[in-house]
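Structure first, then comments.
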Amino acid sequence: MSSSQVTEASARAHHDHHPDMEEMRLLGFWIYLMTDVMIFGTFFATYIVLKNSTNGGPGPADLFELGGVIASTFILLASSYTCGLAVLAMNKGKLRALLGWLAITALLGACFIGLEISEFAHLVDRGATMGTSAFLSAFYTLVGTHGLHVSIGLVWMVALMLQLTKRGITPVTKRKVQVISLFWHFLDVIWIFVFTVVYLMGVS
Amino acid sequence: MLESIKNWASDFFVTGDPLIYGADAAIIITLVAIVFVLTYFKKWGWLWRNWLTTVDHKKVGIMYILSAFLMMFRGGVDALLMRTQLAMPELQFLQPDHYNEIFTTHGVIMILFMAMPFMFGLFNVAVPLQLGARDVAYPFMNALSFWLFFAGAMLFNLSFVIGGSPDAGWLAYPPYSELMYNPGVGQDFYIWGIQISGIGSLMTGINFIVTILKLRAPGMKLMKMPMFSWSVLASCIAIIFSFPILTATLALLFLDRYGGAHFFTLDGGGNPMMYINLIWMWGHPEVYIIVLPAFGIFSEVVSTFSRKKLFGYKSMVYAMMIISILSFLVWAHHFFTMGSGANVNAFFALSTMVIAIPTGVKVFNWLFTMFRGRISFESPMLWTTGFIPCFVIGGMTGVLLSVAPADFQYHNSYFLIAHFHQVIIGGVVFGYFAGLYYWWPKLFGFKLNERIGKWAFWFWNIGFYLCFMPQYVLGLDGMTRRLVTYSWDKGWWGLNLVSSIGAGLMGIAFLFQVWQIVHGIKHYRSNMDTTGDPWDGRTLEWSIPSPAPHYNFAVLPQVSDQDEWWEEKQRRQKEGYTAVAPELSPIHMPNNSGIPIMMAGCWFLAGFGFVFHWLWLIIPGLAGVALCMLAHSFNYDTDHYIPVEDIKHTEASLRGAANL
Ligand code: HEM
Ligand SMILES: [Cu+2]
C-alpha cells in the first residue's frame with residue numbers, strides 16, 4: 001500500500017479516538033517502575049531487618065568510608081542532571097546536543113559503576129564478603145541490585161545512541177529517550193535512599 | 001571413561017523408580033510422536049508462522065489454556081498418586097521422600113502453572129474483545145509473557161526426570177529449602193522455574209492494566225466496563241504489587257543457595273521467619289489474584305444467562321477493589337501459631353474476617369441477579385451454580401480458620417487442606433471452566449457438546465464433595481497435612497478411602513472434559529456458531545463473528561451503555577431503526593515475531609545453567625537474552641496495515657456477504 005494511504009489511515013485512527021501508541025508505552029514504563037519500587041522496597045526492608053545481624057563480623061561503621069560514597073553520589077546526581085539536559089536538547093530538536101549529553105551521562109554512569117566495583121573489591125579484600133554475615137548479604141544485594149540497574153541502563157543508553165544516529169529524532173526514538181531518562185532519574189532517587197539508609201545511617 | 005559417564009548420568013537423571021522410568025518413556029514417546037507428525041504432515045512452517053511467532057492475543061490465550069490443561073493433567077496425576085497412598089493405612093505405595101516431592105510439585109504446578117496460565121489465557125481471550133479493542137497494549141510483550149511462563153513451567157517440570165524434584169512444600173520454607181538441608185538441585189529448579197515464569201506474570205499484569213486503561217472503545221467509561229474486565233484490573237493491580245515481592249524473595253533464597261549468603265539460614269545471622277513473612281506477602285494476594293477473575297466470570301455468566309443486568313454493578317466494583325487491597329493486609333494469618341503475639345494475631349484475624357464482607361456482597365449480588373431472571377442452564381451457568389454452595393461452605397470454614405486461637409487446632413491439618421481446595425477448586429477452577437465454556441464458541445466458532453459437559457460437571461461436583469468433606473472431619477480428628485501414612489489404630493481409614501474415591505471421580509471428570517473437546521473438534525461442523533452470539537450475550541465480544549477475526553473489530557464500536565451489545569440489540573428491534581453501513585479504514589496491526597520464543601529459550605538455558613551451576617551455560621544463556629532484547633530494540637519494522645479490501649473479504653466470509 002502506498003505511504004499516502006498509510007498516513008491517511010493513521011490520521012483517521014487518531015480521529016477514531018485511537019490512543020497515542022508512544023504515550024501508552026510511557027504509561028507502561030511508569031507502571032514497570034512501580035514494580036521495581038516494590039523490588040527495591042523488599043531489599044530495603046531486608047536490609048533494615050538484618051542490619052544488626054553481623055554475626056560477630058564487621059558492621060556498617062567499621063566498613064563504610066563516606067568519602068568515596070559522597071563522590072559517587074555527586075557523580076550520579078550530575079548524570080541525572082546531564083540526562084535532563086539531553087531531554088531538553090531533544091525537545092528543541094538538537095540531535096547532536098542530545099547525543100553529546102547522553103554520552104556524558106553514560107560516562108558519568110560508568111564512573112559510578114567503576115567506583116562501586118572498587119568499593120566492593122576493597123571490602124572483599126578486607127574479608128567482608130556476601131557470606132560473612134546476614135548484614136553483608138543484605139548490603140551487597142541491595143547496593144548491587146542498584147548497580148546492576150545502572151549497568152543495564154548503560155548498555156541501553158549506548159544502544160539508544162546508535163539508534164539516534166541512524167534515525168534521528170522521531171516519535172519513536174523520542175519516546176525511547178524519555179523512557180531511559182525516567183529510568184535514570186528513578187535510579188537516582190533510589191540511590192538517595194541507599195545513601196541515606198545504608199551509608200549515612202550506617203556510619204552514624 | 002565409560003564408568004564416569006555412567007556415574008554422571010545416574011546423578012543427572014533421576015533413577016531407581018519404576019514410576020519415573022515410565023514417565024521417561026512417556027515423555028520420549030510423546031516428543032518423538034510430535035516431531036514425527038509435524039514432519040510427516042509438513043507442519044513445521046505452519047506451526048512457526050501461526051503459533052510460535054504469533055502476537056495475536058486470542059492465539060496466545062489458546063496456547064495458555066492448552067498449557068494449563070496439560071499442567072492440570074500433571075498436577076492431577078500427582079494428586080491421584082497422593083490420594084492412592086493415603087487411601088488405606090500403612091500403604092507402601094510412595095516412599096516418604098517421594099511423597100514430599102509430589103505434594104510440593106502438585107502445589108506449585110496447580111497454583112503457578114495451572115491456575116495462573118488458565119487465568120492469563122482467559123484474560124487474553126476475552127478482555128480486548130470485551131473492551132472493543134483490536135489488541136492488547138503491548139502485543140509483543142504479551143507473546144513474551146506467554147513464552148516465559150512456558151519456559152519456566154518446562155524447567156520446573158523437567159526436575160522430576162533430571163536432577164530430582166523440589167520437596168520443601170509449595171512455598172519452600174527455609175531452613176528446609178536451604179542448601180544445608182536440601183543440597184540437591186530440586187530447590188533450584190523451583191527457584192528458576194517460578195522466577196522465569198514470574199517475570200512473565202508481571203509483564204502480563206502491566207500489559208492488561210494499560211490495555212484496560214487505554215484501549216477501551218470510545219464511549220466506554222470505566223463505570224460502563226464489563227465486570228470481567230473490572231476483575232482483571234483488580235487482579236492485575238494485585239499482581240504488580242505482589243509479584244515483585246516474590247521475585248525479590250526468590251532472588252534472596254537463590255543468593256543463599258548459590259552465593260553463600262545468609263538471608264534465611266540458621267547460621268550467619270540469617271532469619272528464616274523473614275522468608276515466611278515475605279513469601280506470604282506475595283502468597284496471600286496471589287490467592288485473590290486467581291480468584292477475582294473467576295468472580296468476574298461469574299458476574300458475566302450470571303447476567304447473561306439470567307438475561308438481566310448485573311445486580312449492584314457499582315457495589316461489585318467496589319467489593320472487588322476492596323478485596324484486592326485487603327488481600328495485602330492479612331498475610332500473617334498463615335502463621336498464627338508461629339509466635340507473633342496476641343496483638344499481631346488479633347489484627348490479622350480481624351483483617352481476614354473483614355474480607356468476608358465484600359465477598360458476601362458479591363454472592364448476594366449474583367443471587368439477586370438470578371432472582372426473577374429468565375435463567376437457562378447451559379454449561380457456563382451450570383458451573384456458576386455449582387460454584388455458589390461450594391464457595392459459601394469454603395468461605396465459612398475460612399472464617400473459622402481466621403479465628404486465631406482456634407487456628408492452633410486447625411493449623412496444618414486436613415481441615416485447612418479441605419478449606420483451601422474448596423475455595424480454590426470451587427471458586428477458581430469452576431470459575432475458569434465457566435469462562436472457558438462461555439468463550440469457547442467465540443474462540444473456535446463452535447459449541448462444545450452439552451451432554452458430555454454435564455457428565456463432566458456432575459463427576460467433578462460429586463467427586464469434589466466426596467473428596468474434601470471427609471477431610472474437614474479428618475482434620476478435626478488430628479490428621480495433619482503432608483502426612484505420608486498413618487496407622488490402623490487412628491481410625492482414619494474409612495474417611496480417607498472415601499476421600500480417595502472422590503479424587504478418582506474428579507480424575508474421571510477431567511477425562512470427560514478432554515473427551516468433550518476431542519468430540520467437539522470432530523463434530524464441529526454440526527455445532528457451528530454462525531451468529532457470533534450463541535448465548536444471546538450482552539457485551540461487545542458477542543457483536544463480532546465467531547471465531548473472531550484477527551483484527552477483532554472491523555470498525556471500532558461506539559459505546560453508550562453498560563451491556564452495550566444487549567442495548568444495541570434492543571435498539572435494532574425498535575421500529576425506524578436503520579443500519580448505517582460502517583465505513584472501513586485500514587487497520588494497524590503488529591507483526592509476528594520470533595524473538596519472544598527465542599528469548600524465553602535463552603532464559604530456559606540460563607535457568608538450567610543456574611540449577612546445575614554451569615557457568616558455561618549461564619553466560620551464553622543470559623547473553624542470548626540480552627541480544628534478543630537489543631534485536632527487538634533495533635527493530636523498527638514492527639507493524640503493518642491491513643488494507644480495506646482484505647477486511648471486507650474477511651468479514652464477508654465470516655458473516656456471510658448479506659450481513660455487511
Ligand atoms: C483436583 C483434585 C485435587 C486433589 C484430589 C488434590 C489433593 C491434594 C492432596 C492429597 C494434597 C496433599 C496434602 C498433604 O499431604 O499435605 C494437596 C495439596 C495441595 N494442593 Fe491439591 N488437590 C487437587 C487440586 C488442587 C488444585 C486445583 C489446586 C490449586 C489450584 C491445589 C493446590 C494445592 C496446594 C497449594 C497444596 C499444598 C501443597 C503443600 O503442602 O505444599 N490442589 N492436594
Ligand atoms: Cu491467606
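Please give the residues from segment B:259-276 for which the solvent-accessible area of heavy atoms, probe 1.4 Å, is smaller by at least 50 Å² with all protein chains in place than with the chain isolated. Relative to the lone chain, where solvent access is computed with a 1.4 Å probe, segment B:259-276 loses at least 50 Å² at B:262, B:263, B:268, B:274. Close amide-amide hydrogen proximity is noted between residue B:446 and B:529, each under 5 Å apart and 5 or more residues distant or on a separate chain (H modeled in the peptide plane; Pro and chain starts excluded).
The calculated P(r) of chain B, using every Cα pair and 20 Å bins from 0, goes 17, 53, 27, 3, 0 in percent.
For the chain pair B and A, the interface hides roughly 3600 square angstrom of accessible area in total, found with a 1.4 Å probe. Split the accessible area of chain A by element, probe 1.4 Å, and carbon with sulfur accounts for 68%. For chain A, the solvent-accessible area works out to 46 Å² per residue, with a probe of 1.4 Å and every protein chain left in place.
Let a ≥ b ≥ c be the square roots of the eigenvalues of the Cα gyration tensor of segment B:1-41; is it rounded (a/c under 1.5), or, if not, prolate (a/b larger than b/c) or oblate? Taking the square roots of the gyration eigenvalues as a ≥ b ≥ c, segment B:1-41 is oblate.
Three semi-axes describe the equivalent ellipsoid of segment A:67-204; taken as square roots of 5 times the Cα gyration tensor eigenvalues and ordered largest first, they are 33, 14, 12 Å.
When the P(r) of segment A:80-120 is calculated, the portion above 11 Å amounts to 59% of the C-alpha pairs. Computed over segment B:283-341, the percent of Cα pairs more than 18 Å apart is 48.
Ligands, DNA and RNA left out, the 1.4 Å accessible surface of segment B:1-41 is 77% carbon and sulfur atoms. The mean accessible area for residues of segment B:1-41, using a 1.4 Å probe and ignoring ligands and nucleic acids, is 81 Å² per residue. In order along segment B:372-377, phi translates into HN-Hα couplings of 6, x, 8, 7, 10, 9 Hz, rounded to whole numbers, per the Karplus curve 6.51 cos²θ - 1.76 cosθ + 1.60 with θ = phi - 60° and x for Gly and Pro. Based on the alpha-carbon gyration tensor of segment A:26-95 and its eigenvalue square roots a ≥ b ≥ c, which shape applies: rounded if a/c is under 1.5, prolate if not and a/b is larger than b/c, or oblate? Here segment A:26-95 falls in the oblate category. Of the complete DSSP H runs in chain A, those spanning 20 angstrom or more by Cα along the long axis with a mean Kyte-Doolittle score not below 0.5 are A:21-50, A:66-91, A:95-125, A:134-167, A:171-194.
Measuring with a 1.4 angstrom probe and ignoring ligands and nucleic acids, residue B:307 comes out at about 50 Å² accessible.
Once backbone amide H atoms are built at 1.01 Å from N, residue B:639 has B:591 as its partners under 5 Å, excluding neighbours fewer than 5 places away on the same chain. Contact residues in segment B:168-213 by the 50 Å² criterion (accessible area, 1.4 Å probe, full protein complex versus chain alone): B:206.
When only alpha carbons are used to place a centre, segment B:105-176 and segment B:28-72 end up 17 Å from one another.
Per residue, the accessible area of segment B:259-401 comes to 35 Å², computed with a 1.4 Å probe over protein heavy atoms only. By the Kirkwood approach, averaging reciprocal distances over each pair of separate Cα atoms, the protein assembly as shown gets a hydrodynamic radius of 29.1 Å. Tell me, what % of the accessible area of segment B:327-429 is carbon and sulfur with a 1.4 angstrom probe? Using a 1.4 Å probe with all protein chains present, segment B:327-429 comes out at 76 percent carbon and sulfur. Here segment B:505-604 is treated as an ellipsoid with the same Cα gyration tensor; its semi-axes, largest first and in whole Å, are 34, 26, 14. Each Lys or Arg adds one and each Asp or Glu takes one away; over the other residues whose Cβ falls under 15 Å from the Cβ of residue B:179, this sums to -4. In terms of its C-alpha gyration tensor, segment B:290-390 comes out prolate, because a/c is 1.5 or above and the ratio a/b outweighs b/c.
Exposed loop sites here mean GluC sites (Glu not before Pro) with a DSSP loop assignment and at most 14 other beta-carbon atoms within 10 Å; chain B contains its longest site-free run at B:91-574. Under the membrane-span-like helix rule (DSSP H runs whose alpha carbons stretch at least 27 Å along the helix axis, mean Kyte-Doolittle hydropathy 1.6 or higher), chain B yields B:18-40, B:615-634. Around the amide H of residue B:413, modelled in the peptide plane, lie the amide H atoms of B:481, all under 5 Å away and 5 or more residues distant in sequence or on another chain.
The values are calculated or read from the model by the stated rules, or taken from the named source; none is laboratory data. Bear in mind the structure is a predicted one, so any value in this text is a computation, not a measurement. Note that each Cβ is placed from the backbone with ideal geometry, even for glycine, and that neighbours are counted across all protein chains shown. Remember, those area values only see protein heavy atoms, side chains included, never the ligands or the DNA or RNA. Shrake-Rupley method; radii C 1.70, N 1.55, O 1.52, S 1.80 Å.
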